[in-house]
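A short reminder: the numbers here are calculations on the coordinates, not readings from a lab. None of the values given here were measured: they were computed from a predicted structure. Please note: Cβ atoms are built from the backbone with ideal geometry, for glycine as well, and neighbour counts cover all protein chains shown.
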């Protein structure tokens, strides 16, 4: 089972040039990961602070109707966080956010499961990142909880940076935060745009030196590159996995779907669980290549749909087999 912690918000999605035409859909990077795991049929639980307002009810109904486990989620009194996603003519989403004092960031220590509870659930991994790890005061509460899990060594910890620079974060502060979280994470995923922004690099920069440094001490690093696929850094080696050719609609939820499917594939290969560094050490290059091949295909399917609508494992497998024929 994979435990996902973080934000579940409402995306108001509109298309560039169509002023005033926005549709409210359930989003949030971590909720999207839980949704993609559930659609795939992977056992999971979503740990979020979900508002009791109208949008919060929409979030709960949407996730529950897709078999996302909500038994650990908190009923919060604060309002739902909102993200306005505008899709440009190339299908790429840009975001603005309304997050002050909203439900996702109010975590207390008492709302989080104990290490014993995490073990009782049979969790093999905890997935986190994006705004849930960036916005206070709850981000530091989650961070301390994750450090405790890291010290216990009972689960794999997976960090997806998913930087939202539109919120006006200070670059140096964000880099310090990311490196601090990376230090206790076993799997680290970032897009090329995430790293370029963090290090103030021009688009298209060579990121290998940074990725290899992050991958030291038996860590697994993934860099997603949109239509160019993904790079995997492991044991001092780099593995590149190309992305499939698709008919792009938008990119909403693509990275989250990649992350969910990659973790699920690692779980099938016994790559998640207790003694996480040892499990990552023994993964072969072929294990990683095959896992990422499934993940890029699943992400590509999402890009052919409007909004975050992850595929089932059957859909992904059929597409993958078709691309190999």
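Sorting 138-144, 203-209 by their mean Cβ neighbour count within 10 Å, with the most densely packed peptide first, gives 138-144, 203-209.
The order of the peptides 155-161, 40-46, 274-280, 53-59 by mean Cβ neighbours within 10 Å, most packed first, is 155-161, 40-46, 53-59, 274-280.
Among 39, 177, 89, 240, the ranking by other beta carbons within 10 Å of each residue's beta carbon, starting with the fewest, stands as 89, 240, 177, 39. Ranked by how many other Cβ atoms sit within 10 Å of their own Cβ, fewest first, the residues 130, 308 fall in the order 130, 308.
Quick one: compute the contact order of the chain, relative version, from alpha carbon pairs under 8 angstrom and 6+ residues apart, as a percent. Averaging sequence separation for qualifying contacts and normalising by length gives 17 percent for the chain. Counted over all Cα-Cα pairs of segment 225-284, pairs farther apart than 13 Å make up 71 percent. Short-range pairs are left out: with C-alpha atoms under 8 Å and at least six residues apart, the relative contact order of segment 27-106 is 28 percent. Placing a label point 7 Å from the Cα of residue 269 along the Cα-to-Cβ direction, the residues of segment 213-230 whose backbone N falls under 15 Å of that point are 219-223, 230. Do you know the relative contact order of segment 223-325, to the nearest whole percent, from alpha carbon pairs under 8 angstrom that are 6+ apart? That works out to 33 percent.
The spacing between segment 42-121 and segment 193-248, judged by their C-alpha centroids, is 27 Å.
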